[in-house]
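**Q** Handing you a structure now.
The values are calculated or read from the model by the stated rules, or taken from the named source; none is laboratory data. Being a predicted model, the structure only gives us computed values, none of them experimental. Because the Cβ atoms are built from the backbone with ideal geometry, glycine has one as well, and the counts that use them run over all protein chains shown.
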Amino acid sequence: MFRNKHLILAFLIAPVLAIIAWFSVDYFVAEKPHSAKPGASYELIAKPNCRRYSQRCDLKNEDVELSVTVPAYDLSGVDVEIDSNIVIDRAAVGLADGSPAALTNIDSDGKRWAGRVAGSVDSASTLRVAVVASESTFYAEIPATFFVAE
């Protein structure tokens, strides 16, 4: 059936060229990661555990990782703890419909912060997190479904 050597050669080379083109486009077009610039703001991306009841929400942006846990909440407010893989200078957390509360450092190396946010909480609430590290601001807006049991 395939007696033409040019056709056979084309069938063998075409997939190899397609794979080379795929990786070449990614190499030349993809955004290159860069380190955080002082004074700039960067959004943290919520990981999948923020969408279900787990009392923990992991946030990430390149080499910055935060873990937001809510050990307790009631109708008057929320207790929040933040663990980080980098040293944090300041941290604040607030509900979307209220004012943010500054968190306090609870360890000697500046990687764990805790505090209480006042305000009524339900499953439709949104928690806003902001931290300052090395003069760069990292922020996220996450739904309260990770700590409010339906």
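**Q** Considering every residue within region 67-74, establish whether at least one is under 23 Å from Gly119 (Cα atoms) and in contact with a helix residue (DSSP H, G or I) (Cβ under 7 Å, 6 or more places away or on another chain).
**A** no
**Q** From the list Arg52, Arg3, exactly one residue is exposed (fewer than 14 other Cβ atoms within 10 Å of the Cβ), free of Cβ contacts under 8 Å to residues at least 24 places away in the same chain and among the basic types (Lys, Arg). Which is it?
**A** After ruling out the rest, the residue left standing is Arg3.
**Q** Here are some conditions: (1) surrounded by 10 or more Cβ atoms within 10 Å (Cβ to Cβ); (2) modelled with pLDDT under 90; (3) of a type outside the set (A, V, I, L, M). Lys32 meets all but one. Which one does it not meet?
**A** Going through (1) surrounded by 10 or more Cβ atoms within 10 Å (Cβ to Cβ); (2) modelled with pLDDT under 90; (3) of a type outside the set (A, V, I, L, M) one by one, Lys32 breaks only (1).
**Q** Within region 140-150, which residues are surrounded by fewer than 17 Cβ atoms within 10 Å (Cβ to Cβ) and in a strand (DSSP E or B)?
**A** Scanning region 140-150 gives a single hit, Glu141.
One line per residue, one yes/no per condition, for (1) small (Gly, Ala, Ser); (2) touching a residue at least 40 places away in the same chain (Cβ under 8 Å); (3) farther than 19 Å from Lys47 by Cα; (4) assigned to a loop (DSSP other than H, G, I, E, B):
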position	(1), (2), (3), (4)
Glu65	no, no, no, no
Tyr73	no, yes, yes, no
Ser108	yes, no, yes, yes
Val117	no, yes, yes, no
Arg128	no, no, no, no
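**Q** Can you tell me which condition Ala124 does not meet? The list is (1) out of contact with any Gly (no Cβ under 8 Å at 6 or more places or on another chain); (2) crowded, with 19+ Cβ neighbours inside 10 Å; (3) not in a strand (DSSP E or B), and all the others hold.
**A** Unmet for Ala124, out of (1) out of contact with any Gly (no Cβ under 8 Å at 6 or more places or on another chain); (2) crowded, with 19+ Cβ neighbours inside 10 Å; (3) not in a strand (DSSP E or B): (2).
So that you can scan it fast, the table gives a plain yes or no per residue for (1) modelled with pLDDT of 85 or more; (2) hydroxyl-bearing (Ser, Thr, Tyr); (3) in contact with a Leu (Cβ under 9 Å, 6 or more places away or on another chain); (4) in a loop (DSSP other than H, G, I, E, B):
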position	(1), (2), (3), (4)
Asn49	yes, no, no, no
Val78	no, no, yes, no
Val87	yes, no, no, yes
Gly98	no, no, no, yes
Ser120	no, yes, yes, yes
Phe138	yes, no, yes, no
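**Q** Give me a count of the residues in region 70-95 that are under 16 Å from Gln55 (Cα atoms), under 18 Å from the mean Cα position of the chain (by Cα) and of a type in the set (Val, Ile, Thr).
**A** 4
**Q** If you don't mind, there's one more thing I want to ask. Given (1) within 18 Å of Cys57 (Cα to Cα); (2) of a type outside the set (S, T, N, Q); (3) touching a strand residue (DSSP E or B) at 6+ places or on another chain (Cβ under 8 Å); (4) surrounded by fewer than 17 Cβ atoms within 10 Å (Cβ to Cβ), where does Ala102 come up short, assuming only one miss?
**A** Among (1) within 18 Å of Cys57 (Cα to Cα); (2) of a type outside the set (S, T, N, Q); (3) touching a strand residue (DSSP E or B) at 6+ places or on another chain (Cβ under 8 Å); (4) surrounded by fewer than 17 Cβ atoms within 10 Å (Cβ to Cβ), the lone unmet condition for Ala102 is (1).
**Q** Among the listed residues Ser84, Ser54, Ser24, which satisfies the condition of being over 25 Å from Gly98 (Cβ atoms) and among the polar types (S, T, N, Q)?
**A** Ser24 is the lone residue from the list that is over 25 Å from Gly98 (Cβ atoms) and among the polar types (S, T, N, Q).
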